[in-house]
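Q: One structure, as structure tokens, below. Some questions next.
The values are calculated or read from the model by the stated rules, or taken from the named source; none is laboratory data. Given the structure is predicted, the values throughout are model-derived calculations rather than measurements. Cβ coordinates were reconstructed from backbone atoms using ideal geometry, including for glycine residues, and neighbour counts include every protein chain displayed. SASA here: full protein model, heavy atoms, side chains in, ligands and nucleic acids out. Shrake-Rupley method; radii C 1.70, N 1.55, O 1.52, S 1.80 Å.
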Amino acid sequence: DTGVSQDPRHKITKRGQNVTFRCDPISEHNRLYWYRQTLGQGPEFLTYFQNEAQLEKSRLLSDRFSAERPKGSFSTLEIQRTEQGDSAMYLCASSLQGDYEQYFGPGTRLTVT
Amino acid sequence: QKEVEQNSGPLSVPEGAIASLNCTYSDRGSQSFFWYRQYSGKSPELIMFIYSNGDKEDGRFTAQLNKASQYVSLLIRDSQPSDSATYLCAVNDDYKLSFGAGTTVTVRA
């Protein structure tokens, strides 16, 4: 069990650029979640997948955000036309179907300049 | 998302003392409750989960749940400097989690 991995760990981008993050869940976990965390706050839910199906998406997620999990394994989160307000830690977590316990990856810290 | 409130910090305790962290939640139908530890600059790490009323102990950690009062707590016994971190309370909202803002604990030697 190698845990949840995320890539890259840090990303600095200029406003208006597109960025893409990758998450590899724990191998037997079929549920995958994306959260965003800003300083002094708890993680905030963005979206989640069961296998390749995206089952829920937060109303806070603007149309500039899109996530995929094409083969039910790794997932990508893309942010188009980044804004300074997108600067945050983007966290991926995974769980087994039927379990509520979620295990987080190390996160991707995004800085938009 | 469901509301989760944690007692404001920071909380400073001497080494060897008990640290007590509190959390209340808004949805009486919530079933699963979690405590995560987050070191500065790192991601949250699951340390405890509790589903039934009462106490659950794991080493120096005890989680307490009172569904009637919509209250969950975490006790850290024999606090160590390595326990200095932010502790996040989370509640399930269907299969996603709703988090509180966290309580920062500092254990002073």
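Q: Name the residues in the range A:77-105 that are surrounded by fewer than 17 Cβ atoms within 10 Å (Cβ to Cβ) and within 14 Å of another protein chain (Cβ to nearest Cβ), would you?
A: A:96, A:97, A:98, A:99, A:101 - these are the residues of the range A:77-105 that are surrounded by fewer than 17 Cβ atoms within 10 Å (Cβ to Cβ) and within 14 Å of another protein chain (Cβ to nearest Cβ).
Q: Sticking with this structure for a sec: Out of A:29, A:10, which single residue is more than 26 Å from residue B:91 (Cα to Cα) and within 13 Å of chain B (Cβ to nearest Cβ)?
A: Matching residue, one of A:29, A:10: A:10.
Q: Also: Within the range B:64-78, how many residues turn out to be open to solvent by less than 50 Å² (accessible area, probe 1.4 Å) and in a strand (DSSP E or B)?
A: Counting residues in the range B:64-78 that are open to solvent by less than 50 Å² (accessible area, probe 1.4 Å) and in a strand (DSSP E or B) gives 6.
Q: Just name the residue that is farthest from the other protein chains (Cβ to nearest Cβ) out of those in the range B:18-44 that are without any contact (Cβ under 8 Å) to a residue 12 or more places away in the chain and within 23 Å of residue B:94 (Cβ to Cβ).
A: Looking at the filtered set, the residue picked out is B:29.
Q: Could you list, in sequence order, all residues of the range B:79-109 that are outside any strand (DSSP E or B), facing another protein chain (nearest Cβ under 10 Å) and acidic (Asp, Glu)?
A: Residue satisfying the conditions is B:94 alone.
Q: Restricting to the range B:4-17, and then to whatever is of a type outside the set (A, V, I, L, M) and out of contact with any strand residue (DSSP E or B) (no Cβ under 7 Å at 6 or more places or on another chain), can you tell me which residue is farthest from the other protein chains (Cβ to nearest Cβ)?
A: B:16
Q: Only residues that are in contact with a Phe, Trp or Tyr (Cβ under 9 Å, 6 or more places away or on another chain), open to solvent by 30 Å² or more (accessible area, probe 1.4 Å) and farther than 14 Å from residue B:95 by Cα: list them for the range A:32-67, please.
A: Scanning the range A:32-67 gives A:36, A:41, A:60.
Q: Within the range A:75-96, is even one residue more than 24 Å from residue B:86 (Cβ to Cβ) and in contact with a Pro (Cβ under 9 Å, 6 or more places away or on another chain)?
A: Yes, the range A:75-96 has at least one match.
Q: Of these, A:84, A:102, A:97, which one is closer than 17 Å to residue A:16 by Cβ and either in contact (Cβ under 8 Å) with a residue 40 or more places away in the chain or aliphatic (A, V, I, L, M) (or both)?
A: Only one candidate passes the filter, namely A:84.
Q: Which of the residues belonging to the range A:39-76 are over 24 Å from residue B:45 (Cα atoms), within 14 Å of another protein chain (Cβ to nearest Cβ) and in a loop (DSSP other than H, G, I, E, B)?
A: Scanning the range A:39-76 gives A:59, A:60, A:61.
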